[in-house]
Amino acid sequence: MTSASGTADEAGAAFTRAAAYLFSIQDPSGYWKGELETNVTMDAEDLFLRQFLGIRTDEQTAGSAAWIRSQQRSDGTWANFYEGPADLSTTVEAYVALRLAGDVPAEPHMAKAASYIRAEGGLERSRVFTRLWMALFGLWSWDELPALPPEVIFLPRSFPLNVYDFACWARQTIVALTVVAAHRPKREIGFGIDEIRTGLPRPGVAPVTTVEGAFQFLDRALHRWERLARSAPLRATVRGAALSAAERWIIRRQEADGGWGGIQPPWVYSIMALSLRGYPLDHPVVARALAGLEGFTIREGGVRRLEACQSPVWDTALALVGLADGGIDATDERVARAVAWILDEEVTIRGDWAVRRPELAPGGWAFEFANDNYPDIDDTAEVVLALRKSIVPGTPLADRARGALERGRLWAEGMVSSDGGWAAFDVDNTRELCTKLPFCDFGAVIDPPSADVTAHVIEMIAHESTCGSTGPKSASLVQGGLRWLADSQESDGSWFGRWGANYVYGVGAVVPALVEAGLPVSDPKITRAVRFLIEHQNDDGGFGEDLRSYDDHEWSGRGASTASQTAWALMALVAAGEARSEAARRAAGWLASTQREDGSWDEPWYTGTGFPGDFYINYHLYRLVWPLSALGRYVSAVGSTSVPAVLERVSS
């Protein structure tokens, strides 16, 4: 690293190195994909799944255990993100996975973990999903878990708490879990875990007049139903029909890669559900599912770890936008390869989104290699923007892209919620009752509109309008979205970032969208956002925000400087007409001075969000694609005499 003052030439040189590195890691077929790093529950639960199915091998166990041990901190705990606080449930799952691998309680690292677990209330105070995993092996009682009756599959779509009231990721998980819970399996694991129990009683029952108490009453009623449903007459009729319907629902949603939703939770629970329904391991559905998990497995340096998800479409779209922002020629063969690949990923079938939008024609893109049932609005907006910036008019690719651009825009527009905002996967998926259910103590279970997704859609529609590809309806949707964003701005000028950390991400998404939609940079919403950034810029010139801001607003805009978060702030500053400001110059200087020799950046901090407050992601490509866009826009705004020459070198 070298010091940098943030001049245009320094920023241009940093962009060039970043672009060259990005091209060097492009897959031959055209896409980009960075690792999605999460916490060790992915690896622990993979071992639990394989123990449950009877297919766990010594090689898998040793590799996963080595990774889990490597992530343990000196105090014996595990966290959900880099330098985050210890997490009880994550530590419980990691501890039990190491017990499965042969680590004994007396070993120092295990004793430290057990001591922490007991001090935090023990297994008894871990989240429901952790205790559910323990119940699979007789380490927790099924009677002490919230009821999950499979008969929920029969609830009509107009009835509260039907499966479509839940977000798509929760919906797929819940349906599979109802099958698992109905069978109440108990598989052998070979040890007990009394050393991490405290004997604490269950939390007290709340008054039935409260929301919590009402749902506790409902849970007790459902437990009584469970006992009835397991009786011979009902088991053969109502329960049998519910399990068959859930089984069919699960199978219909298996993706081409063998998984469900392209994410770990519904994938593993669906495998277990089908196994309990009598599907052998060599059945095509189960065999495809198990084989697909291998594509999410990373082996290196003697460790084995799993990705919770993969993001090739998202990564490729962001890469294309970044390259275009810096002026990389769209005629470049590598750009054309990426465009062709992403066009092949268009989703043209109806998924669960059609439940609430039955008349809407399919279109758009998913996040993953294979998730046709659940294309998402955020990816679609970014892909349309990327394609528009990366296609050369009059070429065969442009002719091919024309229909995809139109279908993607129309589908995204049609997925607007009734309040004028956009969510990630569904329309009006906002029933708060879902969050009150006793088993919903981990992760977001609904998918309401968010500022970052709404901003990306507005930016896409506004950009398309400059190409003459929109009409009056599009303009009306943009105005509705702008009102939604105005209403959701925080008192300090920021916006909540649902899918990225956090308020810095919100500002980085919203401000460019507002400007693209035609708001003047003097608009109070923009000036307040700029003030938020200036007030939260770190002394080193960078920007950062700790993930604890999701739980404590005092952390808003506070944290170690990172490449991705500094890029988000710089993009907002440039869009707001502040490219020549001291704040923008210092941010660009931080990016230039912290860049590695290979053109990338170091970023151990997690800046991506799965479930606010519970589950976070370190997108390994974020540290590259976002700075690429930010530096490209900065250089374009302030001018650089060196950029034409360096771009020529990147293109050669």
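Where a number appears in this text, it was derived from the coordinates with a stated rule and is not lab data. No experiment lies behind these values; they were computed from the predicted model shown. Every residue, glycine as well, gets a Cβ built from its backbone with ideal geometry; the counts of neighbours run over all protein chains shown.
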Dividing the helical contributions, -39500 (n - 2.57) per DSSP H run of n ≥ 4, by the residues of the chain yields a 222 nm value, nearest 500 deg cm²/dmol, of -16000 deg cm²/dmol
Taking Lys and Arg as +1 and Asp and Glu as -1, residues besides Pro520 with C-beta under 15 Å from its C-beta add up to -1
Taking 0.36 nm per residue of separation between Glu333 and Leu234 and subtracting their Cα-Cα distance, the length gained on full extension comes to 29.3 nm
Whole-Å distance linking the alpha carbon centroid of the stretch 374-419 with that of the stretch 268-287 is 36
With +1 on the Cβ of every Lys and Arg and -1 on the Cβ of every Asp and Glu, the dipole magnitude of the stretch 41-304 about its Cα centre, in debye rounded to the nearest 20, is 940
The answer for the net charge of residues other than Ile298 whose Cβ lies under 13 angstrom from its Cβ, with Lys and Arg +1 and Asp and Glu -1, is -3
Looking only at aspartates and glutamates whose Cα falls under 16 Å of Lys389's and that sit 8 or more positions away or on another chain, we get Asp315, Asp325, Asp329, Asp332, Glu333, Asp379, Asp399, Glu406, Glu459, Glu464, Glu516
Note to self: C-alpha centroids of the stretch 494-517 and the stretch 4-65 sit apart, in Å, by 25
Computed over the chain, the convex hull of the Cα set has an average projected area, in nm², of 28.8
For Asp428, placing the label point 7 angstrom along Cα-to-beta-carbon and taking the stretch 346-374, residues whose amide nitrogen sits under 16 Å are 353-360
In whole percents, the bins of 5 Å from zero upward hold the Cα-Cα pairs of the stretch 292-397 as 2, 12, 20, 17, 16, 14, 11, 6, 2, 1, 0
Hits in the stretch 340-361: amide N under 15 Å from the 7 Å Cα→Cβ extension of Lys473, namely 357-361
Cα-Cα pairs in the stretch 224-344 separated by more than 18 Å, as a whole percent of all pairs, come to 67
Computed Rg/Rh for the stretch 88-171 (Cα atoms; Rh = Kirkwood radius) stands at 1.13
Rounded to whole angstrom, the alpha-carbon centroid of the stretch 78-109 lies from that of the stretch 246-260 at a distance of 32
Counting only DSSP loop positions in the stretch 353-398, the trypsin sites (Lys or Arg not before Pro) whose Cβ has at most 15 other Cβ atoms within 10 Å are Arg356
The simple spin-label model distance between Ser24 and Thr57, using points 7 Å out along Cα→Cβ, in nm, is 3.4
Helix 503-516 sits off the longest principal axis of the Cα atoms of the chain, rounded to the nearest 10 on a 0 to 90 degree scale, by 50
Sorted on mean Cβ neighbours within 10 Å (highest first), peptides 199-205, 187-193, 19-25 come out as 19-25, 187-193, 199-205
Compactness summary of the stretch 41-304: radius of gyration and Dmax from Cα atoms, Å, are 19.1, 56
Taking placed amide H atoms and a strict 5 Å upper bound, the residues 5 or more places from Gly610 or on another chain that come that close are Phe615, Tyr616, Ile617
For the Arg118, Thr209 Cβ pair and Förster radius 51 Å, calculated FRET efficiency rounded to 0.05 is 0.90
In degrees rounded to 10, the 0-90 angle between helix 524-536 Cα long axis and the longest Cα principal axis of the chain is 80
Taking a crude spin-label model, label points 7 Å out from Cα along the C-beta direction, the Leu200 to Thr297 distance in nm is 3.6
Here FRET efficiency (C-beta to C-beta, Arg356 to Thr395, R₀ 30 Å, nearest 0.05) is 0.20
Amide H neighbours of Asp376 at under 5 Å, excluding residues fewer than 5 places away on the same chain, with H built from the backbone geometry, are Trp365, Ala366, Phe367
Taking Cα atoms only, helix 396-414 is inclined relative to the longest principal axis of the chain by an angle, in degrees rounded to 10, of 60
